[in-house]
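The values are calculated or read from the model by the stated rules, or taken from the named source; none is laboratory data. None of the values given here were measured: they were computed from a predicted structure. Neighbour counts run over all protein chains shown; Cβ positions are idealised from the backbone, glycine included. Heavy atoms of the whole protein, side chains included, go into the accessibility calculation; ligands, DNA and RNA do not. Shrake-Rupley method; radii C 1.70, N 1.55, O 1.52, S 1.80 Å.
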Amino acid sequence: MQPFSIPVNILKAGRNQYKWHADGEFFGIFENSEIKDADLDIDVCVIYDDYSIEVSCRITGSVVVICDRCLEDLTLSVDTGFEDDEFEDADVVDLRQDIYDYVCISLPMVRTHPEGECNQETTKFLSK
């Protein structure tokens, strides 16, 4: 079984729990990802019965992106999740794209270090 995807034929009836870890390698498979590195814990609960598949996912940890002001690495906390029940007639519950999307939309639009923590060499040119 690949991380972040679950073949439906291995699911037991009822609650199925999965714990995964995502790092920079995971985000590297997506073209143009702004996420340079990550340390994320992903907890997934899949409730399966003969008629439906319900997924609940919680994502916590941190990611590294580029600071919009000084262009240095910036670590941001992530605490997000989602629920999905659109896996009817699927052979595989593939959560890769959902995990990527929800982490990306949880990040702030403007990504900067707190005031005074940016690279001083770079920011001195901004005031000119």
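Of the conditions (1) without any contact (Cβ under 8 Å) to a residue 60 or more places away in the chain; (2) part of a loop (DSSP other than H, G, I, E, B), Ala90 clears all except one; give me its number.
Ala90 satisfies every listed condition except (1).
Would it be correct to say that Phe82 is surrounded by 13 or more Cβ atoms within 10 Å (Cβ to Cβ), over 30 Å from Gln120 (Cα atoms) and modelled with pLDDT of 95 or more?
When the stated conditions are applied, Phe82 passes them.
When you check Arg111 against the structure, is it among the charged types (D, E, K, R), touching a residue at least 40 places away in the same chain (Cβ under 8 Å), outside any helix (DSSP H, G or I) and open to solvent by 30 Å² or more (accessible area, probe 1.4 Å), yes or no?
The answer is yes for Arg111.
This table checks each residue for (1) touching a Gly at 6+ places or on another chain (Cβ under 9 Å); (2) hydroxyl-bearing (Ser, Thr, Tyr); (3) over 16 Å from Glu83 (Cβ atoms).
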{"position": "Ile6", "(1), (2), (3)": "no, no, no"}
{"position": "Gly14", "(1), (2), (3)": "no, no, yes"}
{"position": "Gly24", "(1), (2), (3)": "no, no, yes"}
{"position": "Asn32", "(1), (2), (3)": "no, no, yes"}
{"position": "Leu40", "(1), (2), (3)": "yes, no, yes"}
{"position": "Asp43", "(1), (2), (3)": "yes, no, no"}
{"position": "Ile53", "(1), (2), (3)": "no, no, no"}
{"position": "Ile59", "(1), (2), (3)": "yes, no, no"}
{"position": "Asp68", "(1), (2), (3)": "no, no, yes"}
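From the list Ile6, Ile42, Ile59, exactly one residue is part of a strand (DSSP E or B), open to solvent by less than 90 Å² (accessible area, probe 1.4 Å) and in contact with a Ser or Thr (Cβ under 8 Å, 6 or more places away or on another chain). Which is it?
Ile59
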